[in-house]
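Asker: My questions will all concern the structure given below.
No value in this document is a laboratory result; all are computed from the given coordinates. Bear in mind the structure is a predicted one, so any value in this text is a computation, not a measurement. Neighbour counts run over all protein chains shown; Cβ positions are idealised from the backbone, glycine included.
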Amino acid sequence: MSIRLRLALLVVLLTTLLVAAGGVVSEAVLSSGMHATLRDDLRRNAARLVNDLASHRLVLGPGAPTVDPSRDQSILQVVTSTGRVGFTTVRAGRTSMVTAAQRAQAAAGRIYVVRQRAGWRNPRLLLAGPAPGRPGWLLVVGASLDELDGATSRLEALIVGGGAAVVLLAGLGAYALAGRALRPVDRLRAEAEAISATLPSRRLAAPPTRDEVARLADTLNGLLDRLQGALSRQREFVAVASHELRTPLAVLQAEVELARRPGRSEAELRRSLGVLGPRIDQLTRLADDLLLLARGDEGALRLQPVAQPLEPLVAQSLASLAPVAEARHVALALDADAEVTAAVDAGRFQQVVDNLVENALEHGAGGRHVAVHVRAERGEAVLEVRDQGPGFAPDVLPRAFERFSRAEAQARRPGRRGAGLGLAVVRLIAEAHGGRAEAANVDGGGASVVVRLPASPVSRTIPIETSTGGGRT
């Protein structure tokens, strides 16, 4: 069922309830007003009957009840407490209009009752009370409820007929207004359906009304912007991943084909294995990074943080990277506050260190020194890696941590290509630990990447150097 129809039905239901409630209230007000008028008439008739008795214009005989033809249009009776009628009009009849129980109540004071009796077409409103100066006699005056019933019937007919018309008009008006109000939404839906992957830059035309529909259009355009960004990153990832996988796979295929040729010597086979090893490591690293980022996007990155000093973890990573640094003639130096602790997953934290140091070794072209610092700073444990390379290009620095952008490769070593996942993995792991990652260029040349984690540092500094090739602390 469409929203338009649901709104119309809701308006019909509410209008019906309002008309019904209004009818009940109107009928109650009408009935109360007419009852008050009838009671006033009954009191006047009773006063006139009392005056007739007092002036002896009306004589109560001991025999049969007296019928006054001049009062045949009124409903008047004078009866005893036993029910004997001393006076009655033609419309009142010759039988007491009140029952024995009602006469007993009327003997103590005036009462109002509604009575229906055989021979009466409609109920009557009766006023019964003691006759002044006539002990043992009761005055009973009545009024027909025909006029009240007629007015009530006419009001009910008006409410039913007029209410039905009001409900119908309200439903049709609500249906038309809902259609007019939802017309911009239908237009947005049609425009959204026309947007496809081949036209990702197309946007919805927001109406100039500054209402909910305009805000919806702005929200959808923002969503489309994010989707276009994700699509662009996906396409770039496919291109980069294809290139990164093609090269090591081609090398692996070539070396395997060479190794399978007959007559290959043991030395040649060993050389092939030496070429295959780094390429396999490269593929494994790329696959691991992609899997880690995918888990991070899905919120499924699992950590096992333990509060521990960071200096031993960093020193262990630098020791494992020392051969790589020596081959590049780069010195690794560690300056650490030994008692700086943080709750970290040791394996993931060392992955951060490895990525940052490898990134500095890869892109710090021309530098002979990579410095790693661990310090406490404003309640945070800070890991900083500095190199002496060209630094980040100004236009790339704001998106240095974006995945698949190859920012560090393109900005700092134009001749080399990388998957662009290293810094993205660093930021993901840092944020998973409740921290953050920052990148900046250093005055005088070089780049600095800082990872900040929540910590409770101790203010004691112990410099530790892990260097190769003549490095310094």
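Asker: What net charge is computed for the residues neighbouring Gly444, neighbours being all others with C-beta under 14 Å from the C-beta of Gly444, Lys and Arg scored +1, Asp and Glu -1?
Answerer: Its environment carries a net charge of -1.
Asker: Suppose each label sits 7 Å from its Cα in the direction of the beta carbon; what would the Ala319-Val114 distance come out to in nanometres?
Answerer: The modelled label-to-label distance comes out at 10.2 nm.
Asker: Report the one residue of Ser272, Val238, Ala294 whose Cα lies farthest in the direction of the positive end of the charge dipole of segment 212-297 (charges on C-beta: Lys and Arg +1, Asp and Glu -1; origin at the Cα centre).
Answerer: My answer, from the dipole projection, is Ser272.
Asker: Sticking with this structure for a sec: Which trypsin sites (Lys or Arg not before Pro) from segment 252-282 combine a DSSP loop assignment with at most 15 other Cβ atoms within 10 Å? Display every interim value, and only then the final one.
Answerer: Working: sites: Arg260, Arg264, Arg270, Arg271, Arg279; in loops: Arg264.
Loop-located and lightly packed - Arg264.
Asker: Using alpha-carbon positions, what is the distance between the centroids of segment 100-150 and segment 320-367, in Å?
Answerer: With segment 100-150 and segment 320-367 each reduced to a Cα centre, they are spaced 109 Å.
Asker: Can you give the charge dipole size of segment 212-297 about its Cα centre, rounded to the nearest 20 debye, using +1 on the beta carbon of Lys and Arg and -1 on the beta carbon of Asp and Glu?
Answerer: My answer is approximately 380 debye.
Asker: What FRET efficiency, computed as 1/(1 + (r/R0)^6) with R0 = 22 Å and r the Cβ-Cβ distance, is obtained for Arg91 and Arg48, rounded to the nearest 0.05? Display every interim value, and only then the final one.
Answerer: Numbers: r = 15 Å, r/R0 = 0.69.
Using R0 = 22 Å, I get an efficiency of 0.90.
Asker: Which FRET efficiency, nearest 0.05, do Asp186 and Arg279 yield, Cβ-Cβ r, R0 56 Å?
Answerer: 0.50
Asker: Starting from the Cα-Cα distance between Asp149 and Leu291, subtract it from 0.36 nm times their residue separation and give me the gain in nm to one decimal.
Answerer: 42.7 nm
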